[in-house]
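Below is one structure, written out as structure tokens; comments come after it.
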Amino acid sequence: MNATESRRQFLRQAGLGVAAAALTGPAAAASLSPSVMQDENQKKLGFAIVGLGKYATEQMMPAFKDCKHARITALVSGSPDKARKLAAEYGVDAKNIYSYQNFDSIKDNPAVDVVYIVLPPGLHAEYTIRAAQAGKHVLCEKPMANTPEECQRMIEACKKAGKKLMIAYRAQFEPFNLDAIERIRKGELGKLRMVTADHGRQVQPDKDQADTWRVQKKLAGGGSLMDIGIYSLNAARYLTGEEPVEVTAQEYSDKSDPRFKEVEDVIHFTLRFPSGVLASCTSAYSIEGVKRYRAYGDKAWLDLDPATDYYKHQMKIGDKDGERQPQIKEGNQFAAELDHMAECVMQNKTPKTPGEEGLRDIKLIMAIYEAARKGKPVRV
Ligand code: NAD
């Protein structure tokens with residue numbers, strides 16, 4: 001019996017019938033008594049959140065309320081006060097709060113099935129490997145790590161421990177992106193010819209604590225390309241469904257701007273795919289927010305703007321007869337991503353975005369940096 005079936009059976013046995021079995025998320029929670037809620041929670045996998053920064057606290061932790069298979073059971077933080085406060089807010093037992101120093105003792109905690117790493121990228125390899133050695137499955141934020149070698153070590157550590165490794169590419173669980181992929185695969189645009197993808201924002205280390213590591217090479221691995229250009233790169237790959245064979249790139253960073261002493265600002269790169277599709281992608285840390293892409297076929301084009309935001313995506317499709325805006329229902333991409341991780345563990349499936357997917361992007365990012373440095377195309 002899979003997890004969904006077992007949950008349905010559990011609800012039936014609890015006398016809640018078909019109507020309750022059809023409910024999910026907060027609606028379901030609101031309709032269940034505390035004892036049923038407790039049993040229901042026991043059917044969910046326990047996640048330990050490592051790093052209680054901006055993304056973890058503002059986006060991911062609130063999304064657990066919409067999860068069918070995942071719940072927060074432990075917190076790992078360097079700030080005990082913050083951890084205690086969040087533990088109380090999310091109903092996490094105070095004995096399940098860990099520091100970075102005693103993190104390895106999480107191996108003795110059966111309440112934790114999955115460790116979710118939301119630290120700066122320079123720390124992803126260390127914590128993934130420690131989590132795997134503690135016998136836990138790992139969900140790790142993007143970019144996977146600073147180098148392909150680190151990615152490889154993460155994959156090997158999880159394989160050796162017999163644990164799942166998934167990279168948190170939320171856009172691959174987001175309904176507008178999934179709809180775009182489906183339309184392209186079905187041939188709605190005709191034969192795909194080009195993709196353009198742009199990601200940019202103002203990085204503000206003096207105003208936003210979460211941006212301080214983003215301008216430090218050791219913690220961030222690189223600049224805009226590693227952090228947000230990766231969305232352009234990953235989108236070009238999932239929209240085409242192909243792997244690039246050649247990259248070219250140009251970079252520009254104003255070295256008198258203190259933000260760009262260690263990491264790059266603007267990068268423009270092209271990807272050549274085996275079918276002949278060309279992708280032209282950008283990322284920048286010195287412009288106002290952009291998170292969009294457009295796929296061009298020989299019959300029509302499809303535009304998502306924003307494409308990779310948290311909410312409020314918009315799709316447009318255009319052809320010789322004009323433009324239209326398909327109506328697509330927004331969904332909680334964060335909860336879908338967390339539930340996918342839990343389902344892969346419960347059903348022993350390979351995640352849709354495994355460590356190998358993260359490694360592919362990091363290898364391509366290295367090739368893009370090399371092409372920019374050499375001013376020549378790089379074969380991959
Ligand atoms: P953040 O700075 O707000 O959070 C990082 C956390 O790591 C903080 O709690 C910080 O205290 C902790 N930390 C532990 N050791 C540290 C050290 N040595 N140096 C710096 N911080 C340390 O950053 P964030 O924006 O929340 O990003 C965290 C991760 O999430 C990154 O991998 C980032 O790429 C990813 N992220 C993903 C998305 C997405 O949409 N998928 C969005 C934002 C961030």
Which value, in Å² rounded to 10, gives the accessible area of K374 with a 1.4 Å probe and all protein chains present? 120
Using mean Cβ contacts within 10 Å as the protection proxy, how do 364-371, 342-349 order, highest first? 364-371, 342-349
Picking from A94, A220, A168, which is most flexible by a Gaussian network model of the chain using Cα springs under 10 Å? A94
With a/c under 1.5 counting as rounded, go ahead and sort region 249-346 into rounded, prolate or oblate using the C-alpha gyration tensor (a ≥ b ≥ c being the square roots of the eigenvalues; past the cut-off, prolate if a/b is larger than b/c, else oblate). oblate
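Normalising by the residue count of the chain, find the relative contact order in percent from Cα pairs under 8 Å and 6+ residues apart. Don't jump to the answer; show the numbers that get you there.
Numbers: 761 pairs, mean separation 66.9, N = 380.
With pairs under 8 Å counted, the relative contact order is 18 percent.
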Relative to the longest principal Cα axis of the chain, at what angle does helix 230-240 sit, 0 to 90 degrees, rounded to 10? 80
What are the radius of gyration and Dmax of the chain, computed over its Cα atoms and given in Å? 21.5, 68
Determine which lysines satisfy two conditions relative to K312: a Cα distance under 19 Å, and not lying fewer than 8 residues away in the same chain. K291, K329
Taking 2.2 N^0.38 Å as the expected size of a compact globular protein, what ratio does the Cα radius of gyration of region 171-225 give against it, to two decimals? 1.71
Helix 80-90 vs. the chain, principal-axis angle (Cα, 0 to 90°, nearest 10): 70
With a ≥ b ≥ c the root eigenvalues of the C-alpha gyration tensor of region 175-330, is it rounded (a/c under 1.5), prolate (a/b larger than b/c) or oblate? prolate
Please list 3J(HN,Hα) in residue order for region 343-354, calculated via the Karplus relation 6.51 cos²θ - 1.76 cosθ + 1.60 where θ = phi - 60°; whole Hz, with x for glycine and proline. 5, 4, 5, 5, 9, 6, 10, 7, x, 5, 10, x
Lysines near K160 by alpha-carbon distance under 30 Å, same-chain residues fewer than 8 away left out - which ones? K43, K44, K68, K95, K107, K136, K142, K217, K218, K349, K352, K363
Would you calculate a helix-derived [θ] at 222 nm for the chain, using -39,500 (n - 2.57) for each DSSP H run of n ≥ 4 and dividing by the full residue count, to the nearest 500? -10000 deg cm²/dmol
Quote the relative contact order of region 175-330 in percent (integer), defining contacts as alpha-carbon pairs under 8 Å separated by 6+ residues. 30
With every protein chain present, what accessible area does L119 have (1.4 Å probe, heavy atoms only), rounded to the nearest 10 Å²? 20
What percent antiparallel are the DSSP beta bridges of region 175-330, to the nearest 5? 85
Relative to the longest principal Cα axis of the chain, at what angle does helix 355-374 sit, 0 to 90 degrees, rounded to 10? 30
Using a probe radius of 1.4 Å on heavy atoms only, what accessible surface per residue do you get for region 233-380? Whole Å² is fine. 49
For region 120-242, using Cα atoms only, the Rg and Dmax in Å read 16.9, 49
Taking a cut-off of 17 Å, what percent of all Cα-Cα pairs in region 324-380 are separated by more than that? 63
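The values are calculated or read from the model by the stated rules, or taken from the named source; none is laboratory data. These numbers come from a predicted model, not from an experiment. We place every Cβ from the backbone using ideal geometry, glycine too, and count neighbours over all the protein chains shown. These area figures cover heavy atoms from the full protein model, side chains too; ligands, DNA and RNA do not enter into them. Shrake-Rupley method; radii C 1.70, N 1.55, O 1.52, S 1.80 Å.
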